[in-house]
């Protein structure tokens, strides 16, 4: 099953980090947040990725193409022949397709442009800027059980300020920056059937508007309620929060083990027609 990822937005609300790179390449713990999300999916057995590129997509292409050498423990370079020998302890057995979907294409348009790469099969969809400890296998089981076209992961939004429980003027509980206890928002971890492409008109379509609204009206949109950790990275404040959790060894989204990846070959498909094969090494 393929995992579609949207990685083409401008990231204007975190412009301090995105002037020279797309938001999915903003680093947490020295690794792009895109890598964190992919590691999470791979932990649950989903290793076939299709990434929609847009703003500064070349940065993501270069990162994927150079991943082997950048993460190899030792490199031997023959400057005469150009041969590079990489000595690795483990590699990532992923397939990553990188698809240019336009600079100004909206979210729905990007999804529709991925249709030829996904084919007529159930697929995952997420954004390249949010992490969670969501059990992806349980999400898929929920989707298959209800038989509808689309499943959206519903989450409680993180609070922007400390939460107070009051009894009159007495504070009976103070919780600094918890997730709110009531209310649900779109957590952007989807499971979708290929028929959803028919709900998207074209490049200007925003996925969160007409397609999801029509799916809901048709009774084809279900919510999987995730009550544990979820955090998007919309602002520099969000980035610092995630960085702090990672540096303190308290990153709930780190579901994977550092040495759990088997040896295999990874294929990167770049652009519309060109495919090149690489072996992606993993060293945290």
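The values are calculated or read from the model by the stated rules, or taken from the named source; none is laboratory data. The shown structure was predicted, so the numbers you read here are calculated from the model rather than taken from an experiment. Every residue, glycine among them, receives a Cβ derived from its backbone with ideal geometry; neighbour counts consider all protein chains shown.
Which of (1) crowded, with 22+ Cβ neighbours inside 10 Å; (2) within 20 Å of residue 235 (Cα to Cα); (3) in contact (Cβ under 8 Å) with a residue 40 or more places away in the chain does residue 52 not meet, given it meets every other one?
(2)
Which condition from (1) under 29 Å from residue 26 (Cα atoms); (2) surrounded by 12 or more Cβ atoms within 10 Å (Cβ to Cβ); (3) at pLDDT 95 or above is the one that residue 204 breaks?
Of (1) under 29 Å from residue 26 (Cα atoms); (2) surrounded by 12 or more Cβ atoms within 10 Å (Cβ to Cβ); (3) at pLDDT 95 or above, only one is false for residue 204: (2).
Out of segment 30-60, which residues are over 18 Å from residue 97 (Cβ atoms) and assigned to a strand (DSSP E or B)?
31
Tell me, yes or no, whether segment 8-22 has at least one residue that is over 22 Å from residue 203 (Cβ atoms), touching a residue at least 24 places away in the same chain (Cβ under 8 Å) and in contact with a strand residue (DSSP E or B) (Cβ under 8 Å, 6 or more places away or on another chain). First the steps, then the outcome.
Just the residues of segment 8-22 that are over 22 Å from residue 203 (Cβ atoms), to begin with: 13-17, 19-21.
With the extra rule that they be touching a residue at least 24 places away in the same chain (Cβ under 8 Å), the set shrinks to 13-14, 16-17, 20-21.
Next, from what is left, pick out any that are in contact with a strand residue (DSSP E or B) (Cβ under 8 Å, 6 or more places away or on another chain): none.
Within segment 8-22, not a single residue is over 22 Å from residue 203 (Cβ atoms), touching a residue at least 24 places away in the same chain (Cβ under 8 Å) and in contact with a strand residue (DSSP E or B) (Cβ under 8 Å, 6 or more places away or on another chain).
Check residue 264 against each of (1) at pLDDT below 95; (2) surrounded by 12 or more Cβ atoms within 10 Å (Cβ to Cβ); (3) within 21 Å of residue 67 (Cα to Cα); (4) under 21 Å from the mean Cα position of the chain (by Cα) and name the one condition it does not meet.
The one condition residue 264 does not meet is (4).
Can we say residue 5 is under 19 Å from residue 231 (Cα atoms) and in a strand (DSSP E or B)? Walk me through how you get there before you give the answer.
On the way: under 19 Å from residue 231 (Cα atoms): yes; in a strand (DSSP E or B): yes.
In short, yes.
Please work out if residue 63 is closer than 30 Å to residue 139 by Cα, at pLDDT 85 or above, touching a strand residue (DSSP E or B) at 6+ places or on another chain (Cβ under 6 Å) and not in a strand (DSSP E or B).
Working: closer than 30 Å to residue 139 by Cα: yes; at pLDDT 85 or above: yes; touching a strand residue (DSSP E or B) at 6+ places or on another chain (Cβ under 6 Å): no; not in a strand (DSSP E or B): yes.
Taking the combined requirement at face value, the residue does not satisfy it.
Going through segment 66-85 one residue at a time, which ones are touching a residue at least 60 places away in the same chain (Cβ under 8 Å) and surrounded by fewer than 17 Cβ atoms within 10 Å (Cβ to Cβ)?
If we filter segment 66-85 for residues that are touching a residue at least 60 places away in the same chain (Cβ under 8 Å), which is where we start, we get 67-68, 71-73.
If the condition is that a residue be touching a residue at least 60 places away in the same chain (Cβ under 8 Å) and surrounded by fewer than 17 Cβ atoms within 10 Å (Cβ to Cβ), then 73 is the only one that fits.
Taking residue 232 and the conditions (1) over 19 Å from residue 9 (Cβ atoms); (2) touching a strand residue (DSSP E or B) at 6+ places or on another chain (Cβ under 7 Å), which numbered condition does it fall short on, given that it satisfies the others?
(1)
Applying the selection to segment 8-29, what residues are in contact with a helix residue (DSSP H, G or I) (Cβ under 9 Å, 6 or more places away or on another chain) and outside any helix (DSSP H, G or I)?
8, 9, 10, 11, 20, 21, 22, 26, 27, 28, 29, listed by residue number.
For residues in segment 197-218 being assigned to a helix (DSSP H, G or I) and touching a helix residue (DSSP H, G or I) at 6+ places or on another chain (Cβ under 7 Å), which is farthest from residue 120 (Cα to Cα)?
The initial filter retains those residues of segment 197-218 that are assigned to a helix (DSSP H, G or I), namely 197-199, 210-217.
The next check asks that each one be touching a helix residue (DSSP H, G or I) at 6+ places or on another chain (Cβ under 7 Å); those that pass are 197, 199, 211, 214-215.
Working: 197: 10, 199: 15, 211: 18, 214: 21, 215: 18 Å.
Among those residues, the one meeting the criterion is 214.
Identify the residue in segment 221-237 that is in contact (Cβ under 8 Å) with a residue 12 or more places away in the chain and surrounded by fewer than 19 Cβ atoms within 10 Å (Cβ to Cβ) and, among all such residues, is farthest from residue 142 (Cα to Cα). Give the steps one after another, and end with the answer.
From segment 221-237, those in contact (Cβ under 8 Å) with a residue 12 or more places away in the chain are 221-236; that's our starting set.
Going one step further and asking which of them are surrounded by fewer than 19 Cβ atoms within 10 Å (Cβ to Cβ), we end up with 223, 225, 227-229, 234-236.
Values: 223: 9, 225: 10, 227: 15, 228: 17, 229: 19, 234: 28, 235: 32, 236: 34 Å.
Restricting to residues being in contact (Cβ under 8 Å) with a residue 12 or more places away in the chain and surrounded by fewer than 19 Cβ atoms within 10 Å (Cβ to Cβ), the top hit is 236.
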